[in-house]
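J.: Let me begin by handing over the structure; questions about it come next.
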Amino acid sequence: MEPQHTPRRGPGRPRRDERAATRESILRVAVGLFARHGFAAVSLRQVAEAAGVDVATVHHHTGGKAALYEACFGLVHDAERAALGPVLADARLALPGGADAVLPVLHRLVDTFVDFLEAHPQNTGLWLRRWLDPAGHEGLDERYSAPLYAQVADLLTAADAAGVLHEPDPHTAVRSLIWALHAHAVHVLHEGPDPDRQRAARTFAHRWLRRMYGTA
């Protein structure tokens, strides 16, 4: 039987995990730059310098500037989905248990979202900069924002249909609370963490849920 040999890497060729780490590092740096300055004001050279690589490396891992910009939204979306997805799934599973089962999970969803925004305020900055240029970069909202909004709205619609809570306009409800909390994240982005303001934002969100849908 012929001995099995592990394929050897070519000289200078990085491992797959190294390539993935380099790409993620570039994207995280780019998210911060785009969040602070917007698409037009950031160059690939600036991203490369901030990431500690050359422009060719940025281009190799992400493509041109427009592709890099979209990849930043993909990174943000994946992180948000990873944080919120399990709690949304728990809320779905809780629906048969009625309000006493669902409302505590909604409050946990709020806490998870606030935690996420406070840990990654640059994500809010990225989206705000994008919305200052609504005519450019078509499809970003549909691909990287609307899916999660729709999941929460669909949950509220299902809860309403099951008699768990009353919500005639899930679309507006979701966006109202989400953007109230995004406004809090903007303060964290520009002013830094403030425990008093952070507690106030979280308290507001829980009070909003209780007044909209009942106690929990």
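Every read-out reported here was derived from the displayed coordinates using simple, explicitly stated rules and does not represent laboratory data. Everything numeric here is computed off the predicted structure, so don't read it as measured data. Note that we place each Cβ from the backbone using ideal geometry, even for glycine, and neighbour counts take in every protein chain shown.
J.: Sequence gap at least 6, Cα distance under 8 Å: using those rules, report the relative contact order of the stretch 79-154 to the nearest whole percent. Please list the in-between numbers first.
T.: Working: 25 pairs, mean separation 23.7, N = 76.
RCO, the stretch 79-154: 31 percent.
J.: Sticking with this one: Summarise the long-distance tail of P(r) for the stretch 133-215 by giving the % of C-alpha pairs beyond 20 Å. Please list the in-between numbers first.
T.: On the way: 1629 of 3403 pairs.
Every Cα pair in the stretch 133-215 considered, those over 20 Å come to 48 percent.
J.: For labels at residue 92 and residue 166 in the simple 7 Å Cα→Cβ model, what's the distance in nm?
T.: It works out to 2.8 nm between the two label points.
J.: Also, quick follow-up: Pick the calculated Rg and Dmax of the Cα atoms in Å for this structure from [x] 17.1, 52; [y] 20.9, 73; [z] 22.8, 92?
T.: Step by step, Rg and Dmax of the Cα atoms in Å for this structure corresponds to label [y].
J.: If you don't mind, there's one more thing I want to ask. Please give the Cα centre distance for the stretch 29-85 versus the stretch 97-125, rounded to the nearest Å.
T.: 26 Å
J.: Tell me, what is the percent relative contact order of the stretch 100-216, built from C-alpha pairs under 8 Å that lie six or more residues apart? Intermediate values should be presented prior to the final figure.
T.: Values: 66 pairs, mean separation 50.0, N = 117.
Reported as a whole number, the value is 43 percent.
J.: Mean 1/r over all different Cα pairs, inverted: what Kirkwood radius does the stretch 19-112 give, in Å? Mind dumping the intermediate values first?
T.: On the way: mean 1/r = 0.0658 Å⁻¹.
Hydrodynamic radius (Kirkwood, Cα only) of the stretch 19-112 equals 15.2 Å.
J.: Using a Förster radius of 25 Å, what is the FRET efficiency between residue 210 and residue 131 based on their Cβ-Cβ separation? Nearest 0.05, please.
T.: On the way: r = 30 Å, r/R0 = 1.20.
That gives a FRET efficiency of 0.25.
J.: For residue 171, what is the net charge nearby, where nearby means another residue's Cβ is under 13 Å from its Cβ and Lys, Arg count +1, Asp, Glu -1?
T.: Details: positive: 175; negative: 154, 160, 167, 169.
With Lys, Arg at +1 and Asp, Glu at -1, the neighbours total -3.
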